[in-house]
Every structure is written in structure tokens, then in C-alpha cells.
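Working notes for the structure below.
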Amino acid sequence: MNRRYQADTVRLSYELSGAVPASIPNPVVKTSRRDIFLLACCQALLLINASGLISMNGLIGFSLAPAKTFATFGATTYVLGSALATMPMSLWMGRTGRRAGFMTGATINIAGCLVGVAALQARSFPLFCVATGIIGIYNAVGLQYRFAAAEVASSGDRAKAISLVLAGGVAGGLIGPQATLLTRDLTATPFQGSLVMLALFALIALAVQSRIHVPPPSLDERSGQGRSLAQIARQPAFVVAVLAGALGYGLMNLLMTATPIAMDFCGHPFSAAALAIEWHVVAMYAPGFVTGSLIRRFGTPQVILAGVALTAIAALVALNGISIAHFVAALALVGIGWNFMYTGGTTLLTQTYRPAEKARTQGLNDFIVFATMGVSSLASGALVTTSGWASMNRAACPLLGLIAAAVLWLMWLRRQTPAAA
């Protein structure tokens, strides 16, 4: 692996000389197709866990929660666990390396699934929320796969590498909900077998993670020097990257988390909800095979705007019917829109930091993403049980308008003063 990377001092000399833009973390990386493939496999295993948990989370909460408006609180603690772990895990990986962080996350997930099994046995909603919070740490670590993809790709291949790794989630979208459905009644207590199944998939992830080779943190990355987070966050590109990632993820999470409950209210069976989640997750990650190429051809802002438009169309579909087909189509469009916004936001984010600032910037971005998801998860159960499915979709439109306005602002700035943006 050492032949693929120059010494830290050589890399630092590039940065100091100005020969390579400071936003490129490692100017001499050659694209590693092997590691991109392994990271995509890890993404698939992560999404088996995430989509499987999502498909049963609301229903478990609805059966255990003392007040039904808190039915999705397990999803909220899942996101909060991710949010609280994001910055510490990002900084830790910035010092010790990606592989150790990835394997730690999978191990924590196994423990969280076992706590969930105990919670269902005891019929304890608080303990179940603790379990999802622990499992959320694995999700926080797993979302760093996309940044690892950027680190094993050349600058020209970075957007494509990010999108291809995200595309690994297609397998997760297909397998997760169906595996949950098949294992739901393996024990006398519904969904206990499903949680054991998720733990086994995390065990497989450990084996795959042990074979990944990401360049170790450089001297300047470990130094932690560079601009303050306030300076980094003031960059227009950072603002737009965070809005696209956080609001895009938050809106997607708001609608996805509520869907099983909304479909149950409409009289649809759990198998139909699992189908909707399955196709939603597939739609989230299948575009990854082409999103990187679209970004290279049309530009990052344009792809983000396309994501906003697709999500707005999804809201219109949801407002025009409550059949299974309407739910599946709306969630599929939300998934594609999320992919464009999230991949575009991630690609834009990699242009906003220097090597020494990488871990802090990535950690801040993902913390904001998870904090937004936490709010949307908590609001999801309350909105769907009090205001209804239609009101939730109407509420998404102004936030989509905010993302679009921010992207257009960045495009205008880049035309006026390219260096400032």
C-alpha cells in the first residue's frame, strides 16, 4: 500500500507550495478499485442494518410506547446516538485511521442489537430506545464510508467513488426489509429474531472491514491545526453542502420514518410497508452508479437542484393518493432526490477543508446532519399521528425551497467571485 502514497513531508510540501489546492486531502492518491468495492460492500451491510431497523422501528415503538405520539422515538434515539458519536468518532479516526473506527462501530452495533432483544423480551420501551441509540453509533461510523471513498480515489474520481460506495446500499435496501419480514416471527416475541439477524450481518461487516486499506492519517491531519470551525463554516460552499446534506436527509427521514405508521393507518399490511421501505432504500442508493458521472458532466449544484425537484414531485404524488402504489412511488422519488442532494453535498464538502481540518469538518457536517435527522424523527411520529400524512408532505415544500435558494446563491457567487465561493 505504501507505493500508492507519498510520504507526509512530500504531501505537505505540495500544500505549502500551492501546487495543489488545499481542499484536496491527498494529491498523490491513485484510485483503488479494490477498496472502493470493499467500502461498497460495507455500505450494503450497513444499509441492511439501517433499512431492517427502519422497517420495524415504528411498529415496535407503536406496540411498546405508553403514548402513541412517541411511536417513532426509537428512531429519534437512533439518530441521537449517531449525532453524539459523530464528532468523537471522526476525530478518533483522524488520529488512528479508518479501519479501527469502522470495526469498532460494527462491534458496538452487535451489542446494541442484543440490548434490543432484551428490551423486547422485557417489553420495555425505554430500553428499546437505549438499544437504538447504541445501534445509531454504528450508523455514524458507517456514514464515514463515503469520506473513505474520497480518500482512496484520485481527485478526478472522487465524486464517482463517493457515489459508487453509496450505491452499495442497493443490496441493503433489497435485503434488509425482506430479512426483517422473514425473521419477524422466529421467536415468540415478534422482531427478536430480526434483531439477532442484524447482529449477524454486523459480524459479517467486521470481516469485510478488516480487509480495507485506507491511507493512514498524515502528519498534518494528526496535528489538528488549520482554520477554526467558524472560519470553515462561513464558506458559502460549506453552507450549501450542509443544507443539501442535512435538510435533504432530514426531509427524507421525516417521510420514511412515518411511512410504516401511515400505511398501517390506511389499512395496508406490514408486508406492504416493508415493500415501500425496500424500494425507497433501493432508490436512495441505485442512482449512485451514475450520480458521480452526472456531477462530472453537469456540475454539483445542478445535481443538487435535480434532487430538490424530485423530492418536490414525491410530495405531490403523496398528496394525490394513499394506495400502496402511491406510497411506493412517493418514497422511491424521495430516495432518488436524497441521493442527488446527499452525494452532491458530500462532494461539495470535500472542497471546503484542508488536510488538517478534514476530521473536524466532516464531524461537524455529520453532526448537523444527525441533529436535523433527530428533529425530523421526533417530529415524524407526532405529525403523522396528529396532523396526518398529507400535512407532512406539504410541510416539506418550504424547506426544499430553502435548499434550492441556497444552491442558486452559490451559483451566483461563483459567477461573480469564483475564489470567494
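Summary of values
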| quantity | calculated |
| --- | --- |
| Candidate set from the range 208-228 (those that are closer than 21 Å to LEU143 by Cβ and over 22 Å from the mean Cα position of the chain (by Cα)); member that is most open to solvent (accessible area, probe 1.4 Å) | ARG211 |
| Residue satisfying condition, being of a type in the set (Ser, Thr, Tyr), open to solvent by less than 10 Å² (accessible area, probe 1.4 Å) and out of contact with any Ser or Thr (no Cβ under 7 Å at 6 or more places or on another chain), within set SER55, SER90, SER124, SER63 | SER90 |
| The range 391-410: number of residues that are of a type in the set (A, V, I, L, M, F, W, C) and open to solvent by 40 Å² or more (accessible area, probe 1.4 Å) | 7 |
| So GLY74, is it modelled with pLDDT under 90, touching a Phe, Trp or Tyr at 6+ places or on another chain (Cβ under 6 Å) and of a type outside the set (Val, Ile, Thr) | yes |
| Criterion: without any contact (Cβ under 8 Å) to a residue 40 or more places away in the chain and open to solvent by 10 Å² or more (accessible area, probe 1.4 Å) - qualifying residue of ALA44, ALA40, ALA100 | ALA100 |
| Matching residues in the range 66-82 - criterion: being of a type in the set (A, V, I, L, M) and either surrounded by fewer than 20 Cβ atoms within 10 Å (Cβ to Cβ) or part of a loop (DSSP other than H, G, I, E, B) (or both) | ALA67, ALA71 |
| Every residue from the range 362-421 that is under 18 Å from the mean Cα position of the chain (by Cα), at pLDDT below 90 and among the β-branched types (Val, Ile, Thr) | VAL369, THR372, VAL375 |
| Of the criteria (1) under 21 Å from the mean Cα position of the chain (by Cα); (2) under 23 Å from VAL130 (Cβ atoms); (3) among the β-branched types (Val, Ile, Thr), which one ILE204 fails | (2) |
| Per-region count, the range 94-123, residues part of a helix (DSSP H, G or I), over 25 Å from the mean Cα position of the chain (by Cα) and among the basic types (Lys, Arg) | 0 |
| Residue within the range 337-359 that is among the small types (Gly, Ala, Ser) and either without any contact (Cβ under 8 Å) to a residue 24 or more places away in the chain or touching a strand residue (DSSP E or B) at 6+ places or on another chain (Cβ under 9 Å) (or both) present | no |
| Neighbours by Cβ (under 8 Å, 6+ apart or cross-chain): first from the range 53-75, without any contact (Cβ under 8 Å) to a residue 60 or more places away in the chain; second part of a helix (DSSP H, G or I) and among the polar types (S, T, N, Q) | GLY74/ASN57; GLY74/THR132 |
| Pair list, Cβ < 7 Å and 6+ apart or interchain, from the range 161-188 residues that are farther than 25 Å from ARG296 by Cβ and free of Cβ contacts under 8 Å to residues at least 24 places away in the same chain to residues that are open to solvent by 10 Å² or more (accessible area, probe 1.4 Å) and hydrophobic (A, V, I, L, M, F, W, C) | THR183/MET197 |
| Selection from the range 332-371 of residues that are in a helix (DSSP H, G or I), open to solvent by 10 Å² or more (accessible area, probe 1.4 Å) and charged (D, E, K, R) | LYS358, ARG360 |
| Residue match in the range 257-264 (condition: assigned to a helix (DSSP H, G or I) and open to solvent by 10 Å² or more (accessible area, probe 1.4 Å)) | yes |
| Subset of the range 282-291 (residues that are closer than 17 Å to ALA159 by Cα and either crowded, with 17+ Cβ neighbours inside 10 Å or at pLDDT below 90 (or both)) | MET284, TYR285, ALA286, PRO287, GLY288, PHE289, THR291 |
| Any hit, the range 118-128, residues being more than 30 Å from THR259 (Cα to Cα), of a type outside the set (Ser, Thr, Tyr) and at pLDDT 90 or above | no |
| Subset of the range 163-207 [of a type outside the set (S, T, N, Q), open to solvent by less than 30 Å² (accessible area, probe 1.4 Å) and either at pLDDT 90 or above or touching a Pro at 6+ places or on another chain (Cβ under 8 Å) (or both)] | VAL165, ALA167, PHE191, GLY193, LEU195, MET197, LEU198, ALA199, ALA202, ALA205 |
| Flag for LEU294 being aliphatic (A, V, I, L, M), open to solvent by 10 Å² or more (accessible area, probe 1.4 Å), under 25 Å from ALA150 (Cα atoms) and free of Cβ contacts under 8 Å to residues at least 60 places away in the same chain | yes |
| Selected residue (criterion: nearest to GLY172 (Cα to Cα)) from residues of the range 267-308 that are touching a helix residue (DSSP H, G or I) at 6+ places or on another chain (Cβ under 9 Å) and in a loop (DSSP other than H, G, I, E, B) | ALA286 |
| Residues located in the range 317-331, provided they are open to solvent by less than 50 Å² (accessible area, probe 1.4 Å) and either touching a residue at least 24 places away in the same chain (Cβ under 8 Å) or among the aromatic types (Phe, Trp, Tyr) (or both) | ALA318, PHE327, VAL328, ALA330, LEU331 |
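The values are calculated or read from the model by the stated rules, or taken from the named source; none is laboratory data. Because the structure is predicted, anything quoted here is derived from the model rather than measured. Here the Cβ is made from the backbone with ideal geometry for all residues, glycine too, and neighbour counts use every protein chain on show. Surface areas here come from the heavy atoms of the whole protein model, side chains and all, with no ligands, DNA or RNA. Shrake-Rupley method; radii C 1.70, N 1.55, O 1.52, S 1.80 Å.
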